[in-house]
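Structure first, commentary second.
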Amino acid sequence: MKPKSRLYSLVKNWTKKPGLAVKEFHQGQLYEVMMQPESKQLEAWANSQDLSFELVLSSKDLVTEFVTLTSLEQASKEAVIGLVKEGIRAANYWHSSTKPHAIMLAMKAEWLSDPGLMNDFQEVLLKCYLPVGLIHVGISGLAQSKEAHQLQEALVQLQRLGILFHLLNFTGQDEECQLMLNHRFTHIHLASDLIRQAIPGSQCEKKLMALKALIHANDARSVAGPIKLMHEKSVAEKHAIDCYYGKHIMPQMTLHQVLKMGKIAKQQLAMKQLMNKQSQKE
């Protein structure tokens, strides 16, 4: 048999090979296909389609400042480490795709004051090998925290690992200002209620202006969000808040949608218009 005819026979036999069928086990058992590694890949892909990420944009040029993991906001203490790993995996994915985005992990002060949770958190950070500056930690719930000394130690430990800090829900309370004096914060998030109630000429507006001046005096960037009303967006733009986020700025996105976002403002505007058209069709 000539080489060409042998190749022809092999291809012909391969094309006639019957397809693989999914066989069902007895009642009460899983499908055979679910026992294969592909099922885990499908599950991971399905999880990556959740709208779990929110982009924080610069109000000046709409460039992405960082990405927040929204699922951490209402998480239980037991689920924190698992969600932190999810956020770090996302940052690794964007970084490996040459489109690095910093991710902000919102953490309650009581979580950081827990020695066991802090040990697990540091272990995860030590294994991620991401460049310094790609992982941010946002601190909230200072008023509910009763372990101020342990919180201070936790922030020092995280700072040694190259973690950047955000202060969330800033209202100008004494414990918040004291924390700002003791630690370097790159971003300070103004309380949403303060922005919502900042009617022209009101005391809230004067307080907003004073807090913004205090933030800039500490070499930090001011953040407004989540913006839920057009009034809040206009207030943020009127007072030149550095960054903002929310459904009126940019809708929540999946892991892969964040990757498609460019650093150029025109690309982000085009993406936003496309998503608005899709939502109108639905």
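The values are calculated or read from the model by the stated rules, or taken from the named source; none is laboratory data. Since the model is a prediction, treat every value here as computed from it, not as a measurement. No Cβ is skipped: glycine too gets one built from the backbone with ideal geometry, and neighbour counts run over all protein chains shown. Remember, those area values only see protein heavy atoms, side chains included, never the ligands or the DNA or RNA. Shrake-Rupley method; radii C 1.70, N 1.55, O 1.52, S 1.80 Å.
General remarks:
- Considering the range 106-120, and only residues there that are open to solvent by less than 50 Å² (accessible area, probe 1.4 Å) and not in a helix (DSSP H, G or I), the residue that is farthest from residue 139 (Cα to Cα) turns out to be 114.
- Qualifying residue in the range 180-193 (condition: open to solvent by 20 Å² or more (accessible area, probe 1.4 Å), in a strand (DSSP E or B) and closer than 15 Å to residue 106 by Cβ): yes
- Residues (in contact with a Lys or Arg (Cβ under 9 Å, 6 or more places away or on another chain) and either among the basic types (Lys, Arg) or open to solvent by 80 Å² or more (accessible area, probe 1.4 Å) (or both)) located in the range 205-228: 219, 228
- The selection criterion, being of a type outside the set (Phe, Trp, Tyr), open to solvent by less than 20 Å² (accessible area, probe 1.4 Å) and either over 26 Å from residue 234 (Cβ atoms) or assigned to a loop (DSSP other than H, G, I, E, B) (or both), holds for residue 198.
- Only a single criterion out of (1) more than 21 Å from the chain's Cα centre (by Cα); (2) more than 26 Å from residue 171 (Cβ to Cβ) is not satisfied by residue 113, namely (2).
- Close pairs (9 angstrom Cβ cut-off, 6 or more residues apart or separate chains): over 20 Å from residue 139 (Cα atoms) and in a loop (DSSP other than H, G, I, E, B) in the range 94-105, open to solvent by 10 Å² or more (accessible area, probe 1.4 Å) and hydrophobic (A, V, I, L, M, F, W, C) anywhere: 97/259; 99/259; 100/130; 100/134
- Residues being open to solvent by 20 Å² or more (accessible area, probe 1.4 Å) and closer than 18 Å to residue 223 by Cα - total across the range 143-178: 7
- Only residues that are open to solvent by 40 Å² or more (accessible area, probe 1.4 Å) and either outside any strand (DSSP E or B) or of a type in the set (Gly, Ala, Ser) (or both) were counted in the range 64-77, giving 5.
- Any hit, the range 232-251, residues being at pLDDT below 90, in contact with a Ser or Thr (Cβ under 8 Å, 6 or more places away or on another chain) and surrounded by fewer than 19 Cβ atoms within 10 Å (Cβ to Cβ): yes
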